[in-house]
Amino acid sequence: MLESLHISNYALIDRLDIEFHPGFNVITGETGAGKSIMLGALSLILGGRADSRVVTDPSAKSVIEAVFSVDGDTSLRDYCVEADLEWDDERCILRREVAPAGRSRAFVNDSPVPLGKLQAVAMRLIDIHSQHQNQLLATPEFQLRVIDTLAGNGARLAEYSRRFGRLREAIRTLKAMRARVEKSREDEEYTRFQLEQIEELSLTPGEQAELERERDTLGNLATIKMALGHAVGALSGDDDNALALIDTAADACEDLESVLPADADIPSRLESARIELADIVSTLEGIDESLSADPSTLMAVEERLNTIYSLCHKHHVDDADALIGLRDSLREKLRALDTSDESIAALERDARRAKALAAETAREISEARKKEAVKLAERLREVAMPLGMRNLRVEVQVLPADMSSTGIDAVQFMVAFNKNQPLMPVGATASGGEISRLMLSIKTIIASSVRLPSIIFDEIDTGVSGDVAARMGDMMRSISRSIQVTTITHLPQVAAKGDSHFRVYKEDDEHSTHTRIAPLTAEERVAAIAAMLGGSRVDEAALAAARSLLDS
């Protein structure tokens with residue numbers, strides 16, 4: 001239930017605070033007094049587009065805040081908990097702030113939230129029904145939603161949505177596989193040619209780096225051999241080489257045996273150094289002997305490297321190791337192509353199973369819709385006929401349709417308002433007033449079966465008068481027994497049905513005009529309804545008529 005509404009710095013509203021009541025709230029006022037401004041502000045709570053032009057005072061932000069009682073609303077609680085929103089067991093506060101520059105912020109229970117989450121919460125709390133929304137009645141989506149709501153298809157639709165989602169994913173996977181296979185088959189001959197080129201090289205990991213080292217070595221062979229000669233000569237060549245000097249040092253240490261500490265073990269350490277140097281000499285000589293001066297060896301290395309470079313360039317890869325990765329990828333591609341028929345067959349089986357499961361749930365939904373369609377047509381006639389539509393005929397058709405996200409049905413509301421008129425789609429035959437009355441009847445039927453959020457009717461009674469208006473007022477009052485109903489009306493027959501009555505009016509100060517709203521006392525209410533009956537002249541007859549309406 002909407003408990004209170006605060007609006008500040010919004011269009012003609014400098015500040016407005018209103019407390020609503022359970023049951024049937026009525027809002028009246030002269031045309032242009034600002035009722036639509038209030039609804040425009042409230043629509044921001046429902047996620048409407050923010051416009052900086054509504055901010056009257058450019059030095060302050062515009063604020064719209066609505067407080068709802070939510071005691072016992074487990075559905076909303078579960079959504080808020082799942083969406084990680086602040087939750088209070090008694091009240092839910094929704095707020096929208098619009099800065100002068102146009103930027104807006106949304107809040108749920110004083111915590112900032114994305115606009116989508118504010119909208120999701122608000123839609124569970126309030127439903128603003130306007131003349132524009134009446135056009136929804138002609139849309140297949142709305143008609144289907146009405147049937148599903150009354151048929152209690154919520155759980156079935158949730159399960160169908162999961163199964164249909166799996167079906168679409170299975171179909172996407174199958175289509176992608178078929179496309180890949182078709183493309184691979186088109187490229188198969190070229191793929192095999194690429195693979196053969198790479199396999200002919202018989203590459204091994206790290207081979208390119210090894211070849212490049214060998215090429216650098218062979219290209220600088222003379223310099224390398226000279227350096228090796230110098231190193232070997234220094235270690236073992238001339239008389240003053242390193243090995244000879246170590247031998248001299250060892251001989252000298254033998255004469256020093258009496259003065260050298262025993263634990264220093266210098267002779268042994270010199271011997272170890274001599275052995276290590278001799279081993280180094282042997283290694284260097286081996287390297288020298290292995291280096292061939294044959295030009296054909298260098299030519300062979302460069303030729304293989306050039307082949308590798310050319311293939312890397314052709315396939316847009318960096319090195320031979322990447323070519324090896326490409327080779328493995330091409331092998332896998334051809335292997336998958338060889339087994340593609342089996343893979344496609346498996347995916348087709350998955351898609352058929354997913355479709356069967358989705359179709360099973362869709363048939364359950366369809367059966368529930370067909371049963372409810374018969375009940376709704378009869379119930380709609382019963383509820384709507386007293387609203388001046390004595391000859392109303394209704395048929396709710398549930399027709400076969402291709403499987404989609406909503407099932408396997410197309411719903412069509414067919415109506416006729418005159419005896420000699422054939423049944424036609426509601427959007428093609430109904431006037432604005434007739435659609436308003438049909439929509440009110442549907443809301444009445446739904447409210448008697450399903451818990452709805454608070455409803456605000458914005459001049460839904462436009463185009464009717466007299467006895468029909470009184471009956472529409474009775475119908476809204478009937479809905480208000482189970483949910484809070486607020487209606488904006490110009491008709492005294494409807495206004496008299498309300499439990500609480502508010503008047504919207506304009507007030508001028510020295511500089512500007514402001515929209516105000518005030519709850520009416522019993523006597524003020526009599527005067528307001530008398531004014532609605534008698535226009536600018538309120539006499540005793542109008543007051544008596546107003547009291548009679550209220551008493552009835």
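The values are calculated or read from the model by the stated rules, or taken from the named source; none is laboratory data. Please read these numbers as outputs of a predicted model, since none were measured by experiment. All Cβ positions, glycine included, derive from the backbone under ideal geometry; neighbour counts span all protein chains shown. Note: areas computed on protein heavy atoms with side chains; ligands, DNA, RNA excluded. Shrake-Rupley method; radii C 1.70, N 1.55, O 1.52, S 1.80 Å.
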statement: Distribution output for the range 196-267: share of Cα-Cα pairs per 5 Å bin in percent, first bin at 0, values 3, 13, 11, 10, 10, 9, 8, 8, 7, 7, 6, 4, 2, 2, 1, 0
task: Can you figure out the FRET efficiency of Ala138 with Glu186, using R₀ = 45 Å and their beta-carbon distance, to the nearest 0.05?
output: 0.35
- prompt: When only Cα pairs under 8 Å and 6 or more residues apart are kept, what is the percent relative contact order across the chain?
  reply: 22
field: Accessible heavy-atom area order of Ser310, Ser268, Ser4, highest first, probe of 1.4 Å
entry: Ser310, Ser268, Ser4
- prompt: How many times 2.2 N^0.38 Å is the alpha carbon radius of gyration of the range 292-383?
  reply: 2.66
Rounded tilt (10° steps) of 340-384 against the dominant C-alpha axis of the chain: 10
statement: The helix 540-551 Cα axis meets the longest alpha-carbon principal axis of the chain at an angle in degrees, between 0 and 90 and rounded to 10, of 60
query: Alpha carbon centre of the range 328-376 versus the range 179-214: separation in Å?
result: 37
query: Which percent of the accessible area of the range 79-221 is formed by carbon and sulfur heavy atoms (probe 1.4 angstrom)?
result: 49
- prompt: For the chain, the longest stretch holding no GluC sites (Glu not before Pro) located in a DSSP loop with at most 14 other Cβ atoms within 10 Å is which?
  reply: 258-509
task: Compute the whole-percent fraction of alpha carbon pairs in the range 55-124 spaced more than 17 Å apart.
output: 41
- prompt: Where does the range 359-469 land on the Kirkwood hydrodynamic radius, alpha-carbon pairs, in angstrom?
  reply: 15.4
message: For a Förster distance of 25 Å, can you work out the FRET efficiency between the beta-carbons of Arg331 and Leu291, rounded to the nearest 0.05?
response: 0.05
task: Can you pull the one-decimal nm distance between simple spin-label points at Asp341 and Asp539, each 7 Å off the Cα toward Cβ?
output: 9.9
task: Pick out, from Leu284, Thr191, Met1, the residue whose Cα sits farthest towards the positive end of the charge dipole of the chain, with +1 on the Cβ of Lys and Arg and -1 on the Cβ of Asp and Glu.
output: Met1
query: Under the Karplus relation 6.51 cos²θ - 1.76 cosθ + 1.60, θ = phi - 60°, what is the ordered set of whole-Hz ³J(HN,Hα) values for the range 413-428, x standing for Gly and Pro?
result: 8, 9, 9, 9, 9, 10, 4, 8, 9, x, 5, 9, x, 4, x, 9
field: Quotient of Cα Rg and 2.2 N^0.38 Å for the chain, N being how many residues it contains
entry: 1.85
field: Sites excluded, trypsin sites (Lys or Arg not before Pro) in DSSP loops with at most 13 other C-beta within 10 Å, longest stretch of the chain
entry: 104-389
- request: For the chain, find the longest principal axis of its Cα atoms and tell me its angle to the long axis of helix 432-449, 0 to 90°, nearest 10.
  value: 70
task: For the range 432-552, report the accessible area per residue in Å² (1.4 Å probe, heavy atoms, rounded to an integer).
output: 44
query: Relative contact order for the range 95-241: what is it in percent, counting Cα pairs under 8 Å that are at least 6 residues apart?
result: 6
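Express the carbon and sulfur contribution to the solvent-accessible surface of the range 351-455 as a percent, rounded to the nearest whole number, probe 1.4 angstrom.
52
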query: What ranking of Asp409, Asp57, Asp238 comes out by heavy-atom accessible area, probe 1.4 Å, highest first?
result: Asp238, Asp57, Asp409
- request: Determine how large the accessible area of His501 is when every protein chain is in place; take a 1.4 Å probe and give Å² rounded to the nearest 10.
  value: 10
field: Stokes-Einstein diffusion coefficient of the range 425-500, Kirkwood radius over Cα pairs, 10 °C, 1.306 mPa s, in µm²/s
entry: 126
Under 14 Å, Cβ to Cβ, from Ala99 - net charge with Lys/Arg +1 and Asp/Glu -1: +3
task: Would you calculate, for the chain, the mean residue ellipticity at 222 nm contributed by helices, counting each DSSP H stretch of 4 or more residues as -39,500 (n - 2.57) and dividing by all residues, to the nearest 500?
output: -18000 deg cm²/dmol
field: Filter on Lys183/Lys314; Lys175/Lys370; Lys117/Lys443; Lys61/Lys117 - keep pairs with C-alpha separation over 28 Å
entry: Lys175/Lys370
message: Could you tell me which residue out of Pro400, Gly325, Ala356 lies farthest along the dipole of the range 316-401 toward its positive end? Charges go on the beta carbon: Lys and Arg +1, Asp and Glu -1, centred on the Cα centre.
response: Pro400
statement: Rounded to one decimal in nm, the spacing of the 7 Å Cα→Cβ label points at Leu115 and Ala155 is 3.7
- request: With a probe of 1.4 Å, find how much accessible area the range 171-222 has per residue, and write the answer as a whole number in Å².
  value: 68
- prompt: Whole-Å semi-axes of the range 5-93's equivalent ellipsoid, largest first, each the root of 5 times a Cα gyration tensor eigenvalue?
  reply: 27, 18, 11
- prompt: At a probe radius of 1.4 Å, what is the per-residue accessible area of Tyr190, in Å² to the nearest 10?
  reply: 120
message: Output needed: percent of Cα pairs per 5 Å distance bin for the range 53-96, bins running from 0 to the one holding the longest distance.
response: 5, 19, 22, 18, 10, 8, 12, 7, 1
field: P(r) of the range 48-174 over all Cα-Cα pairs, binned every 5 Å from zero, in whole percent
entry: 2, 8, 13, 14, 15, 16, 15, 8, 5, 2, 1, 0
Estimated FRET transfer efficiency when R0 is 30 angstrom, pair Ala518-Arg547 (beta carbons, to 0.05): 0.90
Apportionment of accessible area to carbon and sulfur, the range 237-327, percent (1.4 Å): 53
